[in-house]
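Data block below; observations after.
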Amino acid sequence: MAVNAAAFIRALGLARVDVLGFSLGGLVAQALTLAKPGLVRRLVLVGTGPRGGEGMASLTPEAQAVFGSTYANPDDMWLGVFFTPTEKSQAAGRAFLKRFRLRQEGRDPEVSEKVGPAQITAIGKWGAPRAGAFDYLREITHPTLVINGSNDVIIYTVNSFILQQNLPNAQLILYPDSNHGSQYQYPALFVADTLEKPGSEGNQLEVPPSNDPVEQPANENPATRYMATRMPMKVCFWSANCIGVYCSLANHCPI
């Protein structure tokens, strides 16, 4: 998937991007940054974890309970996946579901029954215990913002702490009373945090130089250059079970 992601970014004519990965998309984002470090300027990892992460070799017991239940309204499953049981978090979840269903046309197709097992297999391979599991993280020197909910039961919150402790250039934000979908519970705060940190103007984190040749579109215009060099597009990778595999441009992300 990381290879496909790199090809997708190049096809957009972008030389360097900010990459945001959520859940399984966070695994793709890490793999992409390792494979093509010069393609990535900044990294945002949301609700995700490292190779060999805590409880990542299989679905957590909480995830099994949520995904194994039946719901009168199928969308209600996401209230247990993304939000905590508290009244405040559940209210934020219902507000999220309303936003999610606002668009009536041009929606991504619903995922097939094959997606869930494939995703579980991919996460299980990534999360399998191994010696020196976190060593690869030290190779990712890009400014990185790690975000999660304070009580993520899908990919345990401790994995976000592990990422921050082992990535050389990382900051960590945990939103209160929130689960796997903390960005859906605090959308305005999440957008503000991802736009400001890390490596943004005034921030002291160092952005590593790109060693990759700069590829510019043949018919490039000044506006395109400005976006690609001064304000890199955010390319978002989302878990296949979590509202689409790829979210190519920031204004299409379902926040």
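The table for this structure:
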read-out	value
When residues of the range 69-79 are limited to those that are surrounded by 10 or more Cβ atoms within 10 Å (Cβ to Cβ) and without any contact (Cβ under 8 Å) to a residue 24 or more places away in the chain, the one nearest to residue 148 (Cα to Cα)	79
Selected residue [assigned to a helix (DSSP H, G or I), out of contact with any helix residue (DSSP H, G or I) (no Cβ under 8 Å at 6 or more places or on another chain) and at pLDDT 50 or above] from 183, 164	164
Residue 154 vs. criteria touching a residue at least 24 places away in the same chain (Cβ under 8 Å), aliphatic (A, V, I, L, M) and within 23 Å of residue 85 (Cβ to Cβ)	yes
Which numbered condition residue 233 misses (of (1) within 19 Å of the chain's Cα centre (by Cα); (2) hydrophobic (A, V, I, L, M, F, W, C); (3) at pLDDT 50 or above)	(3)
Sole exception among (1) closer than 20 Å to residue 145 by Cβ; (2) touching a helix residue (DSSP H, G or I) at 6+ places or on another chain (Cβ under 6 Å); (3) among the hydroxyl-bearing types (Ser, Thr, Tyr) for residue 33, by number	(2)
Test result for residue 33, polar (S, T, N, Q), crowded, with 20+ Cβ neighbours inside 10 Å and farther than 22 Å from residue 177 by Cα	yes
Residue 29 among the aliphatic types (A, V, I, L, M) and free of Cβ contacts under 8 Å to residues at least 40 places away in the same chain	no
Residues of the range 113-150 classified as touching a residue at least 60 places away in the same chain (Cβ under 8 Å), under 16 Å from residue 22 (Cα atoms) and in contact with an Asp or Glu (Cβ under 9 Å, 6 or more places away or on another chain), total	4
Within the range 111-155, tally of residues that are β-branched (Val, Ile, Thr) and farther than 13 Å from residue 24 by Cβ	6
Residue satisfying condition, being at pLDDT below 95 and either within 14 Å of the chain's Cα centre (by Cα) or not in a helix (DSSP H, G or I) (or both), within set 14, 27, 43	14
The range 92-118, residues that are surrounded by 10 or more Cβ atoms within 10 Å (Cβ to Cβ), within 21 Å of the chain's Cα centre (by Cα) and farther than 22 Å from residue 178 by Cβ	107, 108, 111, 115, 116, 118
Residue among 67, 100 that alone is closer than 14 Å to residue 184 by Cβ and modelled with pLDDT under 95	100
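Each row is one residue, and each column tells you yes or no for (1) closer than 22 Å to residue 163 by Cβ; (2) of a type outside the set (A, V, I, L, M); (3) in contact with a Leu (Cβ under 9 Å, 6 or more places away or on another chain).
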{"position": "22", "(1), (2), (3)": "yes, yes, yes"}
{"position": "48", "(1), (2), (3)": "yes, yes, yes"}
{"position": "51", "(1), (2), (3)": "yes, yes, yes"}
{"position": "65", "(1), (2), (3)": "no, no, no"}
{"position": "82", "(1), (2), (3)": "yes, yes, no"}
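The values are calculated or read from the model by the stated rules, or taken from the named source; none is laboratory data. What you see is a predicted model; the values in this text were computed from it and never measured. Counting neighbours? That spans all protein chains shown, and the Cβs are built from the backbone with ideal geometry, glycine included.
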